[in-house]
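For reference, the structure is listed below as structure tokens.
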Amino acid sequence: MNLEIERKFLVVGDYKKLATKRYKIAQGFLSSVPERTVRIRIRDDKGFITVKGISNNSGTSRFEWEKEITVEEAQNLLAICEPSIIEKTRYLIPIKNNLFFEVDEFIGENLGLVVAEIELPSEEFKFEKPLWLGKEVTGEKKYYNSVLSKNPFSNW
């Protein structure tokens with residue numbers, strides 16, 4: 001089973017100088033129900049379809065399956081997604097143990113929201129939190145991208 005183990009945090013400081021890669025992302029949802037979220041994403045020049053299951057009680061772990069598709073296929077699927085499309089810039093920031101933070105800087109209706117996620121090998125795995133990491137929001141549904149597409153940060 002493909003299991004995603006991830007923690008999510010708000011960002012409160014300067015992180016960009018630490019980034020080793022940057023991507024432009026547009027994504028939408030064919031299904032945003034928690035039991036089976038189906039995401040379509042274009043990251044720079046690649047397309048992806050991702051299926052995620054419902055999160056466990058802590059919000060840290062859930063089933064995830066992803067497959068690369070063509071950009072044309074992704075564009076066609078984005079056209080039939082639920083409203084609205086999320087746009088963001090993602091910064092990759094490596095840390096110890098071959099782990100990295102993905103920092104998403106949202107634009108459009110979610111402008112002003114900056115969230116960092118880290119995928120971990122286990123729920124108990126300990127990592128050093130950088131100074132620019134703020135409040136943990138793991139499991140807070142309002143920060144899920146599928147929820148942000150319906151209730152954007154600008155409406156809070």
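The values are calculated or read from the model by the stated rules, or taken from the named source; none is laboratory data. Bear in mind the structure is a predicted one, so any value in this text is a computation, not a measurement. Virtual Cβ from ideal backbone geometry, glycine too; neighbours counted across all protein chains shown.
Hey, does the stretch 112-121 have a residue that's in contact with a helix residue (DSSP H, G or I) (Cβ under 9 Å, 6 or more places away or on another chain) and surrounded by fewer than 13 Cβ atoms within 10 Å (Cβ to Cβ)? Scanning the stretch 112-121 turns up at least one residue that is in contact with a helix residue (DSSP H, G or I) (Cβ under 9 Å, 6 or more places away or on another chain) and surrounded by fewer than 13 Cβ atoms within 10 Å (Cβ to Cβ). Restricted to the stretch 14-65, and to residues there that are touching a Pro at 6+ places or on another chain (Cβ under 8 Å) and exposed (fewer than 15 other Cβ atoms within 10 Å of the Cβ), the residue that is farthest from residue 147 (Cα to Cα) is 20.
Check off (1) of a type outside the set (D, E, K, R); (2) closer than 22 Å to residue 49 by Cβ; (3) surrounded by 15 or more Cβ atoms within 10 Å (Cβ to Cβ) for residue 103 and give me the number that stays unchecked. With (1) of a type outside the set (D, E, K, R); (2) closer than 22 Å to residue 49 by Cβ; (3) surrounded by 15 or more Cβ atoms within 10 Å (Cβ to Cβ) applied to residue 103, the lone miss is (2).
Candidates are the residues of the stretch 49-72 that are more than 20 Å from residue 32 (Cβ to Cβ) and among the charged types (D, E, K, R); the one that is farthest from the chain's Cα centre (by Cα) is 72.
Within the stretch 78-126, can you find the residues that are touching a strand residue (DSSP E or B) at 6+ places or on another chain (Cβ under 9 Å), acidic (Asp, Glu) and at pLDDT below 95? Hit for the stretch 78-126 is 123, nothing else. If the condition is being charged (D, E, K, R) and either free of Cβ contacts under 8 Å to residues at least 40 places away in the same chain or under 23 Å from residue 21 (Cβ atoms) (or both), then the stretch 53-70 contributes 64, 66, 67, 68.
Taking the criterion of being farther than 17 Å from residue 119 by Cβ, within 18 Å of the chain's Cα centre (by Cα) and among the aliphatic types (A, V, I, L, M), the residues of the stretch 73-101 that qualify are 74, 78, 85, 86.
Within the stretch 1-27, residues that are part of a loop (DSSP other than H, G, I, E, B) sit with their Cβ atoms under 9 Å from residues that are charged (D, E, K, R), at 6+ positions apart or across chains, in these pairs: 2/64; 2/66; 12/135. Take the conditions of a type in the set (Asp, Glu), out of contact with any His (no Cβ under 7 Å at 6 or more places or on another chain) and closer than 15 Å to residue 9 by Cα and apply them to residue 105. Does it pass? Spelling it out, residue 105 is indeed of a type in the set (Asp, Glu), out of contact with any His (no Cβ under 7 Å at 6 or more places or on another chain) and closer than 15 Å to residue 9 by Cα. Step by step: first the residues of the stretch 129-156, then only those that are in a helix (DSSP H, G or I) and of a type in the set (A, V, I, L, M, F, W, C), then the one that is surrounded by the most Cβ atoms within 10 Å (Cβ to Cβ). Which residue is that? The residue in question is 148.
Here is a check on your reading of the model: is residue 68 surrounded by fewer than 18 Cβ atoms within 10 Å (Cβ to Cβ), in a loop (DSSP other than H, G, I, E, B), modelled with pLDDT of 95 or more and not aliphatic (A, V, I, L, M)? Against the criterion (surrounded by fewer than 18 Cβ atoms within 10 Å (Cβ to Cβ), in a loop (DSSP other than H, G, I, E, B), modelled with pLDDT of 95 or more and not aliphatic (A, V, I, L, M)), residue 68 does not qualify. Identify all residues within the stretch 100-124 that are touching a residue at least 12 places away in the same chain (Cβ under 8 Å) and assigned to a loop (DSSP other than H, G, I, E, B); write none if there are none. Those that are touching a residue at least 12 places away in the same chain (Cβ under 8 Å) and assigned to a loop (DSSP other than H, G, I, E, B): 107, 111, 112, 113, 120, 121, 122, 123. Can you pull out the residues in the stretch 71-99 that are in contact (Cβ under 8 Å) with a residue 12 or more places away in the chain, part of a loop (DSSP other than H, G, I, E, B) and either within 26 Å of residue 16 (Cβ to Cβ) or not charged (D, E, K, R) (or both)? Once the filter is applied, which keeps residues that are in contact (Cβ under 8 Å) with a residue 12 or more places away in the chain, part of a loop (DSSP other than H, G, I, E, B) and either within 26 Å of residue 16 (Cβ to Cβ) or not charged (D, E, K, R) (or both), the stretch 71-99 yields 80, 81, 83, 84, 85, 95, 96, 97, 99.
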